[in-house]
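Beneath this line is the structure, given in structure tokens, with notes to follow.
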Amino acid sequence: MANPLYCRSFISIQDLSPEAIDLILERARTMEHDVRCRRSIVRVPDRIMIRAFYEASTHTTISFGVAMLRLGGQVIGLDGGIKSSSVAKGETFEDAIETLSCMGDILAVRDKTVESARVASTVSRVPVVNSGNGVGEHPTQALLDLYTIRERLPNADYLVVTMVGDLKHGRTVHSLTQLLGLMYGKRVMLNLVSPQALKMPTEIKRRARAMRMSLKEHDALTNHLVRETDVLYVTRVQKERFTDIREYEALVDSYVVTMPLIHRCKKSLVIMHPFPRVYEIDRAIDKTPFAAYFTQIENGVYVRMAILDLILRPSA
Ligand code: NCD
């Protein structure tokens, strides 16, 4: 197949076809194999990635950096975010992005506004990879999530996925819902568990239904629901998105995954979290075979290696 990612920005799950997604996940498997076998993977030795992250990050910023370094490329970042960039002197976001794009071969961009990723891809002279656009999307995270689901449940042709927590502000669940819809359609049952104030946006639910997914909304995370679940996807209540801290405090510990809650779950249950976690998953869960969140972090490197490789090199 021709390489549909070559020289293109990657902003939303909606930019990809199922074939392109399979291509990324297959390439990620090759990357995983090569990294584990300590093979030298010099695919983009002359290329430079610039990370423009204007929002806090541990996992994603390092994951993109490590992915590029493992491909033999170079990385430079605005790691102090907005405070250390000329945006603090009044420079517009557009000018900042175009300036950076004159110096590198690819930009990884994270910003607090939803429009940022599309705007960046319009002004940038090189491809942009959306690394989180406010409460919008986080498409590379969704791909690493799907990679992890397929690795853990290789033979599943029907999935019951239960997403829990801040589904309103959680961009990872916005992207993952669309990705599951695209790849599994009516072979997914999606349970959405959140307080009333943090429900999944209507537009994301509309897109999921248009892809023939079954959706059910719940306000409680019960043993019964967990017992039916194949993938339990837990998210953090996003403090930084609230204007009134009292509203946050009222919701922060709405759902906590504990050992009693997963009592009698399926043996193959996969518990996922995009990280950072705050209180949502009891640490006792980490030692169970259900916990997949550290595997997600490792897989993120392979999936981002695949995406960067496909954007930077023409051959599929
Ligand atoms: C998340 C994010 O920034 O969207 N983490 C991540 O990138 N893996 C989730 C969060 O901040 O809660």
### Query
Of the residues that sit in region 41-53 and are outside any loop (DSSP other than H, G, I, E, B) and more than 16 Å from the ligand (Cβ to nearest atom), which one is farthest from the chain's Cα centre (by Cα)?
ILE48
### Message
Just the residues that are part of a helix (DSSP H, G or I) and more than 16 Å from LYS168 (Cα to Cα), please, taken from region 195-213.
### Response
ARG209, ALA210
### Task
Starting from residues that are within 16 Å of the ligand (Cβ to nearest atom) and at pLDDT below 95, keep the ones in region 220-240 and report whichever is surrounded by the most Cβ atoms within 10 Å (Cβ to Cβ).
VAL237
### Summary
Condition set surrounded by 18 or more Cβ atoms within 10 Å (Cβ to Cβ) and modelled with pLDDT under 95, scope region 254-279, selection farthest from GLY300 (Cα to Cα): answer is SER254
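Applying the selection to region 18-60, what residues are of a type in the set (Val, Ile, Thr) and in contact with a Gly (Cβ under 7 Å, 6 or more places away or on another chain)?
ILE41, VAL42, VAL44, ILE48, ILE50, THR60
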### Summary
Within region 54-68, restricting to residues that are in a loop (DSSP other than H, G, I, E, B) and within 24 Å of GLU115 (Cβ to Cβ), the one that is farthest from the ligand (Cβ to nearest atom) is TYR54
### Query
Can VAL109 be described as away from the ligand (no atom under 16 Å from the Cβ) and either under 20 Å from ARG8 (Cα atoms) or in a strand (DSSP E or B) (or both)?
no
### Message
Looking only at helices (runs of 4 or more DSSP H) that lie completely in region 214-316, which have at least 1 residues being within 30 Å of PRO45 (Cα to Cα)?
### Response
293-312
### Failed condition for ALA88, given (1) more than 22 Å from the chain's Cα centre (by Cα); (2) part of a helix (DSSP H, G or I); (3) closer than 26 Å to ASP145 by Cα
(3)
### Query
Say we look at region 124-170 and pick out the residues that are of a type in the set (Gly, Ala, Ser) and in a strand (DSSP E or B); which of these is nearest to the ligand (Cβ to nearest atom)?
GLY132
### Query
Which one of ARG118, ARG8, ARG38 is more than 16 Å from the ligand (Cβ to nearest atom) and in a helix (DSSP H, G or I)?
ARG118
### Task
Kindly indicate whether ASN191 is in a strand (DSSP E or B) and either more than 28 Å from LEU308 (Cα to Cα) or of a type in the set (A, V, I, L, M) (or both).
yes
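Just to check your reading of the model, which residue among ILE285, ILE311 is in contact with a Pro (Cβ under 6 Å, 6 or more places away or on another chain) and of a type outside the set (D, E, K, R)? Steps first, please.
On the way: ILE285 fails: in contact with a Pro (Cβ under 6 Å, 6 or more places away or on another chain).
Exactly one residue qualifies, and that residue is ILE311.
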#### Entry: Verdict on ASN130 being closer than 26 Å to GLN296 by Cβ and more than 17 Å from the chain's Cα centre (by Cα)
no
### Task
Take the residues in region 23-72 that are loosely packed, with under 15 Cβ neighbours inside 10 Å and small (Gly, Ala, Ser), then tell me which one is modelled with the highest pLDDT.
GLY72
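The values are calculated or read from the model by the stated rules, or taken from the named source; none is laboratory data. It should be emphasised that the depicted structure is a prediction, and the values quoted were computed from it without experimental measurement. With ideal geometry, Cβ positions are generated from the backbone for all residues, glycine too; neighbour counts draw on all protein chains shown.
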